[in-house]
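Below is one structure, written out as structure tokens; comments come after it.
Nothing in this text is a laboratory measurement; each read-out follows from the coordinates by a stated rule. These figures come from a predicted structure and were not determined experimentally. Note that each Cβ is placed from the backbone with ideal geometry, even for glycine, and that neighbours are counted across all protein chains shown.
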Amino acid sequence: MKKINISILSLVAIFGFTTSCTNDIDQSYPAINDRPVITLTSDQSSIVELNDEATDLIDENIASYTMTASEAYTTDMKFKIEFLPSESTGSLDDIEVSLDASPIDFGIEGFLAVIAKNTTSASFTITSVFDVLPEGAETFKFKVYPVGDLNGSVADASQTFTLTIGNSTTDSLMMKLDWNGDGTYLGIDNETHDLKDFDFDLEVYDTGFNAVLASYSSSPEEIEFLGSYPDGQYFIVPSFWSFAGAITPMLPINFDVTLTVAKPGVFVKEFDLSSLWNSTAGGADDGNPDGYNVTANFTKTTDAVTGAVTYELRAGDVLDGPILVSGRMADLKAMLQSKSNIKAKALAKAKL
């Protein structure tokens, strides 16, 4: 009799469990084969690095994507947009994706797309990053698959997609002076400080020794010489202005300085200036006679027929082949050393 009772109780337990599972399915917890199916569409599969401002209705450097579900779901549907570097020629440094990075427990590097509960779509964009390097078209391949609670599935044709980004050029000449300002050093106060506290500058002069462009308060210092500026010859002059705004370092610093000059998409030239300046000698405003350096010069030419802009870049103070006569070079150096009033006025104006 005892055995019969146990058997009856077991049947009741099994029946109750089965009934409970059946009720769960009825309450919007579909079986795995009934998940919504996601399709991915985009407005363009090929873009370029730089948007043409003349075409107001088209963003040539942005690809827009829409994920559409076959039906809504009662909870969020999450999907990983995984970058496939081994099947791509570009890198994630070349693009910006308008999605949050996917959690680390969702595998290798990628992005998280979410179709919110009770909705059927979500959108994101991929924007190209305009860099200075001349390069051919680059491809970016991605894989799309469900993550998290696996509440949705992805249609076969949408499980991978590829974006192609073409090279762009501009008529501008870009200049950047970088002294690793994001780096740190130990001060005599035994505290850590940023290298950007040291005051470096970047300026462009014409052959009449007039300062036509300058960057005084950024890290790195950057100048864009526009293609609309007058044709002619110009000097690129980086400088170490002063250590007055920085805490004295515990140990002397030899600054790791690089000047990069580029016509984006056409050429890039780097000048290593790491042997020029240190925290002991100080800058031009501290009495260092070598605080300024005429690192390079260039000639800008605009074709009268086509309007094409070209730049001829040379190292140092050489113009059209011959070196500047010593008298003119002495004038330039003297002018640079007397510039304290020019910069002081510029800084005072910036504070107004």
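If the chain linking ASP156 and MET174 were pulled fully straight, counting 0.36 nm for each residue of separation and taking away their Cα-Cα distance, it would gain 2.0 nm.
Maximal additional length on extending the MET250-LEU92 stretch stands at 53.1 nm, based on 0.36 nm per residue less the C-alpha distance. Once the convex hull of all Cα atoms in segment 187-268 is built, its volume per residue stands at 116 Å³. When Rg and the Kirkwood Rh are both derived from Cα coordinates, the Rg/Rh ratio for segment 221-277 amounts to 1.07.
When the convex hull of the C-alpha atoms of segment 265-313 is computed, what volume per residue in Å³ does it have?
Details: hull volume 5.4 nm³, N = 49.
Taking only Cα atoms, segment 265-313 has a hull volume of 110 Å³ per residue.
In whole percents, the pair-distance distribution calculated for segment 61-179 from its alpha-carbon pairs, binned every 5 Å from zero, is 2, 10, 19, 21, 17, 11, 9, 5, 4, 2, 1. Cβ-Cβ distance of ASN210 and GLU109, R₀ of 41 Å, FRET efficiency by 1/(1 + (r/R0)^6): the value works out to about 0.25. Using the Cβ-Cβ distance between ALA281 and ALA116 with R0 set to 56 Å, the FRET efficiency works out to roughly 0.40. The length gained by stretching the chain between THR260 and LEU186 to full extension, at 0.36 nm per residue less their Cα-Cα distance, is 23.9 nm. Among beta bridges identified by DSSP and lying wholly in segment 174-233, the antiparallel ones come to about 100 percent. The convex hull defined by the C-alpha atoms of segment 92-156 has an orientation-averaged projected area of 5.9 nm². Based on the Stokes-Einstein relation at 37 °C and a viscosity of 0.692 mPa s, and on the Kirkwood radius from alpha carbon pairs, segment 158-229 is assigned a translational diffusion coefficient of 208 µm²/s.
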